[in-house]
Amino acid sequence: MKNKFKFLTKQSLKRKVDTKWFKIVNVILCLIIICALNIDSIIKLFGGDFNENITVYVIDNIDGNVYDVFTSQIEASTSVLTSGSSNVYEIKKYDKTLEDAKSEVEENKNIIVLEFNVSNENVMEVTMLSKEYMDLTDMAILNTAINNTKVAYSIVAYNIDPEALTKIYENVEINRIFLDEEKNDTSENTEVIMTTVFPILILPFFMLSLILVQMIGGEVNDEKTTRSMEIIISNVSPETHLASKVVAGNLFVIIQGVLIGTYVILGLIVRKFIGASSITEGVGGYIVDIMDSIGNSNFIASLGYVIPLVLILLVITFVAYALLAGILASMTTNMEDFQQLQSPIVIISLAGYYLAMLAGMFKGSLFIRILSYIPFLSAILSPSLLVLGEVGVIDVIISIVIALLFVYWMIKYGIRIYKVGILNYSSKDLWKKMFKAMKNKNV
Amino acid sequence: MLEVKNVTKYYGNFKAVDNLSFTVKPGEIFGLLGINGAGKTTTFRMIMGLLEPTEGEITLDGKKIDYTVTDQIGFLTEERSLLTKLTVKEQVIYYGTLKGMKEEDILTKLDELLEKFEITNYKDTLIKELSKGNQQKVQFITAIINDPKLVILDEPFSGLDPFNVEMFKEAIKELASKGSIIIFSSHRMEHVELFCKKIVILLSGKSVIEGDLKDIKKKYKKKNIFIKGDIDIQELEKLDGVISVEEYGDSYLVKIENEDIVSKVFDKIKKHKNITKFELEDASLNEIFVSKVGESYEK
């Protein structure tokens, strides 16, 4: 029986992995992930208005020095706001009037004219002339540069000590004090970052749980509708059969998960090689920032036991998903019925995903905390709340114990449904039959 | 030897099989008959160990049928129990391995059987790409790949053309000659009559006829007389004990209540000079089936 279990597991896995569709889907998945991680480079490769140089004509009607100040300020603004990824600005001093410039702007949409004039109320005023709407980045850069030019001009005009002005503009230093000694401001920052990042990190779990449900449900349903089930079950017990599906399903999910991870790494490597773009640095830098934040927080010290606990919870939840999919599929007599029955599983998984995102917004929510103990939801919610500092390791352990008890309950009672379901081809009184089977020890 | 002893199966309050008993010895072909819903599938499933009898016992060579015994059983279901996305070779390896066979033994036996059933070319073809008849051949191969002690054949001739039916008949006879116990179910009574030494006819889970087919036919009082030549049909129909007279070209089938009527029929037709055939035969299994079950089994 042990060999038959191994054989069934191997066959089940082979039927999924050793197919041209698995290969095709993974090639597509690989390309999509690599492209998604390098989307900025791809967009730039195809070009567009954003790629064109902008010429800025400066009409300095103030004192002639504004032009120089503006030129230096626009370089600084470009560097700060876009890490150098945006359009290149060519700044030219324009000696004619705004009216004269209009004909040039009419002919060339990449010319922007800035006319600086003295203002009695606001130090200076600027007239901006362009043919069309400007994009948001250009507008932000020009606005920042103009305002900074005004400040720099004002320092001189009003005889303000530059050192004093620097102090005025500097951010206020906030000294954080936590009564809980275990907390520190780096961890606080990590929590803020993880609130945004975690839903992205758990997305693969959500995807994989759906793949798992579809794989096991589809196989059980296929074997049942082709009546192969009768031959299989006459040679191996239903328990062995379901166990082989659960193990094969989980192995498949692990393989697919590792492959997705590999594609992400490949995508990042590709970024590194073509990574001249600043967004590359931006994303890379963002990841580095997150890792630094996590590294500097207390959280890193607890990763040694947090990661294994979270992995255990994930594996138990995948097993629970697999068992539920197998049991539900055994009750159905065709693929359409199974697809309808799997909808609640998808909704449960989706609910867990949304709750994990909401957890960051509703800090300290008792409702979300209670839900984090519920099997299926716990796999996504519990680690999310742990990372956000909403629950402790003990809560994760409680979630694991509850998940284990749920799996035990499904094995004990679900297998009774499975035994009856796989040989039942009638949908008449289906639920009555299944509840009856669940109660019957000798099924 | 397969022994089904006083087996009863309930689904809730519904009695699917009612106190069924029969034995089949090695080399015997046993017919299990009944209309749809009579309890055949439940009986097959109990023999296969898929269902536990509520009462009674089923043994093969004295052992209760469980997963240590099912390796010695071959099962051909009425529907095609094949995984259509597999190739013929993969499918046979799949079921063969589940029967506890080693892959190299399966492949050796597979080549032999593919040749026997004349489908060698389809070894690496997907099941779904095969014709119905060839799918049935593959299903038959999977049922006998392990040289089973017990073979259950539920509608084995389904989807086969007459040429392939003959091929299957030979294969089934060969299995029996090698000592396999064969349980056979078919809607075609002529096949049952041809193969089966013993039969059971089920009605609502209960056996209504059981035993040696020859004895059953002999004990059945109603007989048939085949007559070839010119006869007066109306004259025969008026005779007491004549149930009906059916015309088949220049031949007639006269159904009578019992053997005592034969002389009366003969007296009536002997005056006709061109009678070339007058033959008394037992009633067909289908007639017996209809009279016992109340409806025709043949479809």
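Read-outs: derived from the displayed coordinates by stated rules, not from any lab. Keep in mind it's a predicted model, so treat the numbers as computed, not measured. Note that each Cβ is placed from the backbone with ideal geometry, even for glycine, and that neighbours are counted across all protein chains shown.
Please list the three semi-axes, largest first and in whole Å, of the ellipsoid equivalent to the stretch A:348-388, using sqrt of 5 times the eigenvalues of its alpha carbon gyration tensor.
Each semi-axis is the square root of five times an eigenvalue, giving 14, 10, 9 Å.
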Among B:Asp250, B:Asp212, B:Asp161: highest mean-square fluctuation, GNM of chain B, C-alpha pairs under 10 Å
B:Asp250
Given 14 as the ceiling on other Cβ atoms within 10 Å, longest exposed-site-free region of chain A for GluC sites (Glu not before Pro) in DSSP loops:
A:183-443
Averaging over every viewing direction, what projected area does the convex hull of the Cα atoms of the stretch B:2-217 cover, in nm²?
11.6
So which trypsin sites (Lys or Arg not before Pro) in the stretch B:90-156 are both in a DSSP loop and have at most 11 other Cβ atoms within 10 Å of their Cβ?
B:Lys102
For the stretch A:251-276 and the stretch A:363-426, distance of Cα centres in Å
30
Degrees separating the helix A:238-274 axis from the principal Cα axis of chain A, which is the longest one
20
Angle between the Cα long axis of helix A:299-331 and the longest principal axis of chain A, 0 to 90 degrees, nearest 10?
50
To one decimal place, what orientation-averaged projected area in nm² is obtained for the convex hull of the Cα set of the protein assembly as shown?
51.3
Trypsin sites (Lys or Arg not before Pro) restricted to the stretch A:358-424 and DSSP loop, no more than 14 other C-beta within 10 Å:
A:Lys363
Which of A:Ser378, A:Ile28, A:Ile43 sits closest to the plus end of the dipole of chain A, meaning its Cα is farthest towards the positive end, when Lys and Arg get +1 and Asp and Glu get -1 on the C-beta?
A:Ser378
Looking at the P(r) of the stretch B:221-282, how many percent of alpha-carbon pairs lie beyond 14 Å?
47
If you look at just the Cα atoms of the stretch A:50-169, how large are its Rg and its Dmax in Å?
14.6, 45
Those chymotrypsin sites (Phe, Trp or Tyr not before Pro) from the stretch A:55-147 that are DSSP loop and have at most 11 other Cβ neighbours within 10 Å turn out to be A:Tyr133
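Taking the alpha carbon gyration tensor of chain A, what are the square roots of 5 times its eigenvalues, largest first, to the nearest whole Å?
For chain A, the semi-axes come out at 62, 27, 18 Å.
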Explain nothing, just the number: dipole magnitude of the stretch B:2-217 about its Cα centre with +1 on each Lys and Arg Cβ and -1 on each Asp and Glu Cβ, in debye rounded to the nearest 20.
400
Tally of Lys pairs whose C-alpha atoms are under 16 Å apart, taken over the stretch A:50-169, 8 or more apart or cross-chain:
5
Taking Cα centroids, how far is the stretch B:29-68 from the stretch B:104-146 in Å?
27
For the stretch B:221-282: lysine pairs with Cα atoms under 12 Å, gap of 8 or more or different chains, count?
8
Proximal aspartates and glutamates relative to A:Lys245, as straight alpha-carbon distance under 17 Å, when same-chain residues fewer than 8 apart are discounted:
A:Asp18, A:Glu219, A:Asp222, A:Glu223, A:Glu230
